[in-house]
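Let me begin by presenting the structure, written as structure tokens, before commenting on it.
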Amino acid sequence: MTLMRLDTKLIHAGVFGDVHTGAVTVPIYQVSTYKQEGIGQHKGYEYSRTGNPTRAALEQLIAELENGTRGLAFASGMAAVSTILSLFDQGDHLVVGDDVYGGTYRVLTKVFNRLGIDSTFVDTSDLDQVRQAIRPNTKAVYLETPSNPLLKVSDIEAVAGICRERNVLLIVDNTFMTPYWQNPLDLGADIVIHSATKYLGGHSDVVAGLVAVTDEDLGEQLHFLQNSIGGVLGPQDSYLLIRGIKTLGVRMRQHEANARQLAEWLKDRDDIEKVYYPGLPDHPGHDIAARQARGFGGMISFDVGSGRRAEQVVKKVRYFTLAESLGAVESLISVPARMTHASIPPERRAELGITDGLIRISVGVEDIADLMDDLDQALRS
Ligand SMILES: *Cc1c(COP(=O)(O)O)cnc(C)c1O
């Protein structure tokens, strides 16, 4: 038999249904502890922080979707990030993308720095910057691609090559692409992280984080940290994620088709300063994105010229909900400088190009004609 194709994997990978009853969905094992027949004699589960069957089904699913050997599910993307960062010791150094998620920047510069773990932030789309930032005590490079909110593209395979040469880990946050479009482990990354709160859940109803790795020892080490630190995902939320992932393919294709049309339409307008979407041929990261991923995703950003106009637009739209987060069926709109990226100091935001007039849209799966009509009236007002 041929290997399962991706859309089939979303339904049949991991654990299919329940062997005990024939139920076609994985049950919610709402349980904290498990009966032991004798001391230490159990059926693989002792206590639900260490392992829970619903969570285990999800963990196996993300491992298979990312072509890894081990998956881990956490109570949030940040719980996943913080557990990964707990791999490192006092005196270690990390090279981190200069436009990583605001919460990742915050935990590195306000929490892990206090524990003696130092970070240097560079533009990871520039390989020379990555090379030059690696020091003798550097233990990992951490990047997001495409990044948030300017959708800069980093070459995962090339960065992985540098990391291998210098014996440092490569950690990739794959939240924006999902395993449907991009598999960083196949490109040489050691650890892939997701905020499953976004596309994997897909319905704005779960906060969760997922991790996958190829190396089995690293997988063991991360399970030790997951169990020691304790930021695990509960069974109910694990169930909701398994449910969300089943439709990841149909959703991602629609997100992308809508995003592509919206990006092209915005680009043709003369009242928009700039449009950022890796699917546009003139996007600086277009060729790398086309090579390393199977699609360009559903996130677009554009500059309307001023903070005042951005505020007007987000006030006038009807189908784009003003909210943080992304990746769900409904379109969301945000002004990064005042919302998701507000915790980044203003001088730093200016350096990064996150202007006050920048609007980010997580394009939903609504009818594209309605999305265009709506954005058109908001931009004209
Ligand atoms: C949202 C997000 C996170 C954090 O995840 P939470 O589930 O909100 O804790 C990390 N990385 C990226 C790219 C995100 O968008």
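The values are calculated or read from the model by the stated rules, or taken from the named source; none is laboratory data. Quick caveat: nothing in here was measured; it's all calculated off a predicted structure. Heads up, the Cβs are rebuilt from the backbone with ideal geometry, glycines too, and the neighbour counts pull from every protein chain shown. With ligands, DNA and RNA removed, areas are computed over all heavy atoms of the protein, side chains included. Shrake-Rupley method; radii C 1.70, N 1.55, O 1.52, S 1.80 Å.
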Worksheet item: On the accessible surface of the stretch 131-267, probed at 1.4 Å, how many percent belong to carbon and sulfur atoms?
Response: 47 percent
Worksheet item: Which order do W265, W181 take by accessible area at a 1.4 Å probe, largest first?
Response: W265, W181
Worksheet item: In nm, what is the difference between 0.36 nm times the number of residues separating D7 and N113 and their Cα-Cα distance?
Response: 34.0 nm
Worksheet item: Using the scaling law 2.2 N^0.38 Å as the reference, what is the normalised Cα Rg of the stretch 1-140?
Response: 1.40
Fill in: Peptides 276-283, 56-63 ordered by average Cβ neighbours within 10 Å, highest first
56-63, 276-283
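Antiparallel versus total DSSP beta bridges in the stretch 250-380: what percent is that, nearest 5?
85 percent
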Item to complete: Please report, to one decimal in angstroms, the Kirkwood hydrodynamic radius of the stretch 286-381 built from all distinct Cα-Cα pairs.
Response: 14.2 Å
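What length, rounded to one decimal in nm, is gained on full extension from V31 through to T120, with 0.36 nm per residue of separation minus their alpha-carbon distance?
Computed gain between V31 and T120 is 27.8 nm.
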Practice prompt. May I ask you to give the solvent-accessible area per residue for the chain, in square angstrom, as obtained with a 1.4 angstrom probe?
Written response: 44 Å²
Practice prompt. Give the Rg (one decimal place) followed by the Dmax (whole number) of the stretch 81-218, computed from C-alpha coordinates and expressed in Å.
Written response: 14.1, 44
Worksheet item: What's the angle, to the nearest 10 degrees (0 to 90), between helix 307-316's Cα axis and the longest principal axis of the chain?
Response: 70 degrees
Fill in: Share of pairwise Cα separations in the stretch 43-113, more than 17 Å, in percent
56 percent
Worksheet entry | Reference-scaled alpha-carbon Rg (2.2 N^0.38 Å with N residues) for the stretch 255-321 | 1.20
Worksheet, complete the sentence: For the chain, inverting the pair-averaged 1/r of distinct alpha-carbon atoms gives a Kirkwood value in Å of 21.4 Å
Response to the item:
Summing -39500 (n - 2.57) over every DSSP H run of at least 4 residues in the chain and dividing by its residue count gives a helix-only mean residue ellipticity at 222 nm, to the nearest 500 deg cm²/dmol, of -11000 deg cm²/dmol
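On the accessible surface of the stretch 306-381, probed at 1.4 Å, how many percent belong to carbon and sulfur atoms?
Roughly 49 percent of what the probe reaches on the stretch 306-381 is carbon or sulfur.
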Fill in: Viscosity 1.567 mPa s, 4 °C: Kirkwood-radius Stokes-Einstein D of the stretch 1-60 over Cα pairs, µm²/s
98 µm²/s
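Given the Cα-Cα distance of D215 and R253 and 0.36 nm per residue of separation, how much length would full extension add, in nm?
In short, 10.6 nm is gained.
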Worksheet item: So for the stretch 14-246: antiparallel DSSP bridges make up what percent, rounded to the nearest 5?
Response: 45 percent
Fill in: Pairs beyond 24 Å (Cα-Cα), from K274/K316; K35/K198; K139/K198
K35/K198; K139/K198
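Mind listing which trypsin sites (Lys or Arg not before Pro) in the stretch 185-276 are in a DSSP loop and have 14 or fewer other Cβ atoms within 10 Å?
Answer by residue number: R269.
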